[in-house]
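Below is one structure, written out as structure tokens; comments come after it.
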Amino acid sequence: MRKGQTLISLIVVVAMSIIIISTVLGLVISNSINTSVIQQSGLVRSAAESGMENALLQLLRNPDYEGETIPAGISGYQTVITVTGDDTNKTLESTATSLNYRRKIKVDITYNENIMQIISWRDIQ
């Protein structure tokens, strides 16, 4: 080998190593961020579902229930529940929010002679 070829070979190997390491670190960071977003979205959805289940229980106990706001406690998710409709057909919405995440669940029910029937349960984004 000529004088200097070793140095050039070393520089090429180091440059390739830096490129490979940078690419791998970029992928790891990107996957970490995506996992965090998916997890946070799932937790907010769970809070919205919990609010909806609470609303359904409240309606069974009190047919005149109109909804409520469940403040962000330890979980950090505020949930707003609204109930609209007449005595027999009602639409319930449960919206949970936390920081930049928001999930809404909408449920249509019929309520006849103290019997509640869920007609539809939808996630609305």
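A few notes on this one:
- Total residues in the range 88-100 satisfying the condition of being in contact with a Leu (Cβ under 8 Å, 6 or more places away or on another chain) and either loosely packed, with under 13 Cβ neighbours inside 10 Å or farther than 15 Å from Asn62 by Cα (or both): the figure is 1.
- Scanning the range 53-75 for residues that are touching a Phe, Trp or Tyr at 6+ places or on another chain (Cβ under 8 Å) and in a strand (DSSP E or B) turns up nothing.
- Count - residues of the range 46-86 that are modelled with pLDDT of 90 or more and aromatic (Phe, Trp, Tyr): 1
- Residue within the range 101-116 that is under 21 Å from Ser46 (Cβ atoms), among the basic types (Lys, Arg) and out of contact with any Asp or Glu (no Cβ under 9 Å at 6 or more places or on another chain) present: yes
- When Ser120 is tested against (1) part of a strand (DSSP E or B); (2) in contact (Cβ under 8 Å) with a residue 12 or more places away in the chain; (3) out of contact with any Phe, Trp or Tyr (no Cβ under 9 Å at 6 or more places or on another chain); (4) surrounded by 11 or more Cβ atoms within 10 Å (Cβ to Cβ), only condition (4) is not met.
- Residue selected from the range 16-45 under the condition in contact (Cβ under 8 Å) with a residue 24 or more places away in the chain and not aliphatic (A, V, I, L, M), by the criterion surrounded by the most Cβ atoms within 10 Å (Cβ to Cβ): Arg45
The values are calculated or read from the model by the stated rules, or taken from the named source; none is laboratory data. What you see is a predicted model, and the numbers here were worked out from it, not measured in a lab. Note that we place each Cβ from the backbone using ideal geometry, even for glycine, and neighbour counts take in every protein chain shown.
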